[in-house]
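S.K.: Before we start, here is the structure in question, set down as structure tokens.
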Amino acid sequence: MLAIAYGELVQLFRNRLVLLTSFIMPIAVSAFFVHRHEVFADAGSLGYIAAIVVFTVGAFGLYTSAVTTLASRRQNLFLKRLRSTAIGDSGILGGLLLPVTVLATVQVTGILIVFGVVAGAPADPVLLAVAVVATIAMLVGFALATAGVTNSPEHAQVTTLPIALGMIAVASWIGLTGAEDLQLVKRLVPGGAATELVLNAWDGGVALSESLILLAPTFAWVFVAANLAAKFFRWEPRR
Amino acid sequence: MHTTDDTPVIDVEGLDLVYGEFHAVKDLTFHVRRGEFYALLGTNGAGKTSTLEVIEGHRRPASGTVRVFGHSPWDRNTVRPRMGIMLQESGFSPDLTVAESVRIIGTLTRRDDDVDRVVDLVGLTRKARTKVSQLSGGEKRRLDFATAVYGTPELIVLDEPTTGLDIQSRDELWDAVDRLRESGTTVVLTTHYLEEAQQRADRIGLMHQGVFHREGTVAELTGALPGVITFGLPAPPSAGVPALPLHVERQADGTFRVETHRVQKDLHTLLGWAEDHGVDLIGLEAGPTRLDDVFRAIN
């Protein structure tokens, strides 16, 4: 698995376009939110900015990059080559997705640490970490499922838009309007409960027991994403 | 020196493969022994690659059993370290170099080897630091072969390995295969270049429309068909063609073709006639039936 991950990491840094769109751009957007945090905190809260950081990096740095990578490796039959070796399917997927997942996690962590230094530390860092991990797991599952219906890297630019933009829209909606109105709907939409977790973890003021309830819909979406991945993911191009 | 024994390396029993409505392979049974060079030949769409893809663990059959080294081909952890695969079509990571690709794929085979040795084996030493995206089609095919033979596997499956290769690269590839065989490697091949199979295969399975048309050694496959004598005569012919035991066919290009099971005797008769009548035979060729003729006889 590490051999595949090494190869992917080398390619990531050799392909400047991927590096720009998947990593520089989310960092730039996040940096803008952090820099203007007082303005955005007035509109929502500091937790809203944290949620936007998590979902922007998650949607573009992780989800879109993962779909593009998987579609590209399948289209040129590299996945088939890997399956001709001794490594198992989970090792192949793990190796392909490890670099983008680790980089996205490092990005989110780094940006949130800077944000914490600039604007003040989160109320519950452990809960925040749980929310970030759950969001990343969900987006990896969605990436595998989306890759199943994505024929090429170019096609990924279209197929990733609904979930990528949808995640950021959900984070913005809940971050700007609060979690109280339409609470059930906001908790059930994908990413909704995870957004509320981030808000609670950063802003505080909500009992831990109340926040822990949010783990149920969050992990339910991880489960749904994993099942969609198992159903839709393909190893070879359609004939 | 190639040695074979009766230890089964591949066992295929009653294999059926179905794609939707299309029955690609029907009740196919064959066995490949250790050290053997087995060629799976056939017409386009005969089911060769589909059969190989089951052996390689890329396809699940509708019915039948397939064992490689006595194990399921889907048990990658057990089977693949002993098995090199050169797919008919497969890709590499375009931004990695030749040496990086061999190292990564080689590592994943769980066999040990020296990357430089393998790169040199396929004649890509000068391209070792070149990105895969900058290789020609033939060079990519050689890289493909390099990853298949990495670590000298006990079994190598070659699906049309020389397609797209120039003559020199083909010769180098077959030299490498010959060296592998000397170390005891079992080879399974599909190819459209029949002379490659005719020169090297211990046994051939000839497929047509998903079933075995015939199976046997080259001698067994070609032995049932007559040998061929072809020749031309100076125009206009000064005499008739001597009466041969078989019908002499005049071909569209004006040459003559004799199909016979007694090539030597009939050739002697023809040469005697030519000598007696002072006729120079033009483009005289005589030989046993080639695999091409067996192939044509399928349809």
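S.K.: What does the highest-first list of B:119-126, A:50-57 look like by mean Cβ count within 10 Å?
M.R.: Numbers: B:119-126: 18.0, A:50-57: 28.2.
So the order, starting with the most tightly packed, is A:50-57, B:119-126.
S.K.: Let me ask something else. Return the residues of the range A:83-117 for which accessible area with all protein chains present is lower than in the chain on its own by 40 Å² or more; set the probe to 1.4 Å and exclude ligands, DNA and RNA.
M.R.: Listed in order, they are A:83, A:84, A:85, A:86.
S.K.: Keeping all protein chains in position, work out how much accessible area residue B:183 exposes to a 1.4 Å probe, and write it in Å² to the nearest 10.
M.R.: It works out to around 80 Å².
S.K.: So, taking all protein chains as they sit and a 1.4 Å probe, how much accessible area belongs to residue A:142, in Å² rounded to tens?
M.R.: So the heavy atoms of residue A:142 present about 10 Å² to solvent.
S.K.: So how strong a dipole does the range A:98-239 carry about its Cα centre when Lys and Arg Cβ are +1 and Asp and Glu Cβ are -1, to the nearest 20 debye? All intermediate terms of the calculation are to be shown ahead of the outcome.
M.R.: Working: 6 positive and 8 negative charges, 129 e Å.
With Lys and Arg at +1 and Asp and Glu at -1, about 620 debye.
S.K.: Taking each residue in B:88-100, count the Cβ atoms of any other chain within 10 Å of its Cβ, then average. What number comes out? Intermediate results must be reported in sequence, preceding the final value.
M.R.: Details: counts 1, 4, 10, 10, 5, 11, 6, 9, 6, 2, 0, 0, 4.
The shielding value for this peptide is 5.
S.K.: If you don't mind, another one. Any chance you could check the range B:32-59 for residues losing 40 Å² or more of accessible area when the partner protein chains are in, compared with the chain on its own (1.4 Å probe)?
M.R.: B:58, B:59
S.K.: Determine the total buried accessible area between chain A and chain B, counting protein heavy atoms only with a 1.4 Å probe; round to the nearest 100 Å². Display every interim value, and only then the final one.
M.R.: On the way: alone 11300 and 14890 Å², together 23850 Å².
Looking at A and B, the buried total is near 2300 Å².
S.K.: Calculate the mean, over all residues of peptide A:205-215, of how many other protein chain Cβ atoms lie within 10 angstrom of the residue's Cβ.
M.R.: Across A:205-215, the average partner-chain Cβ count within 10 Å equals 0.
S.K.: Could you tell me what percent of the accessible area of the range B:8-155 is made up of carbon and sulfur, with a 1.4 Å probe and every protein chain present?
M.R.: Answer for the range B:8-155 is 44 percent, counting heavy atoms of protein chains only.
S.K.: Something else: What do you reckon, how do B:277, B:23, B:58 stack up by accessible area (1.4 Å probe), largest on top?
M.R.: Working: B:277 95, B:23 75, B:58 20 Å².
The ranking, largest first, comes out as B:277, B:23, B:58.
S.K.: Something else about it: Averaged per residue, what accessible surface does the range B:8-222 expose to a 1.4 Å probe, in Å²?
M.R.: Per-residue value: 39 Å².
S.K.: Another question, then. Angle, helix A:46-56 long axis vs. longest principal axis of chain A, Cα atoms, 0 to 90°, nearest 10?
M.R.: 10 degrees
S.K.: Hey, another quick one. Order B:82, B:296, most accessible first, counting only protein heavy atoms with a 1.4 angstrom probe.
M.R.: Reading off the accessible areas and sorting them downward yields B:296, B:82.
S.K.: Let me ask something else. Ordering B:196, B:139, B:275 from largest to smallest accessible area (1.4 angstrom probe), what's the sequence?
M.R.: Reading off the accessible areas and sorting them downward yields B:275, B:139, B:196.
S.K.: Calculated from DSSP H runs of 4 or more alone, at -39500 (n - 2.57) each and per residue, what is the 222 nm mean residue ellipticity of the protein assembly as shown, nearest 500?
M.R.: Rounded to the nearest 500, the figure is -15500 deg cm²/dmol.
S.K.: Report, to the nearest whole %, how much of the accessible area of chain A belongs to carbon and sulfur atoms, 1.4 Å probe, protein only. Present the calculation step by step, with values, prior to reporting the outcome.
M.R.: Details: 7160 of 10100 Å².
Percent of accessible area from carbon and sulfur atoms in chain A: 71.
S.K.: Can you tell me the accessible area per residue over the range A:2-232, all protein chains present, probe 1.4 angstrom, in square angstrom?
M.R.: 41 Å²
S.K.: Moving on to the next point. What angle, in degrees between 0 and 90 and rounded to the nearest 10, separates the Cα long axis of helix A:161-177 from the longest principal axis of the Cα atoms of chain A?
M.R.: Value to nearest ten degrees: 10.
The values are calculated or read from the model by the stated rules, or taken from the named source; none is laboratory data. Everything numeric in this text was worked out from a predicted model, so none of it was measured. Here the Cβ is made from the backbone with ideal geometry for all residues, glycine too, and neighbour counts use every protein chain on show. For the accessible areas, the whole protein counts, side chains as well, though only heavy atoms, and no ligand, DNA or RNA atoms are used. Shrake-Rupley method; radii C 1.70, N 1.55, O 1.52, S 1.80 Å.
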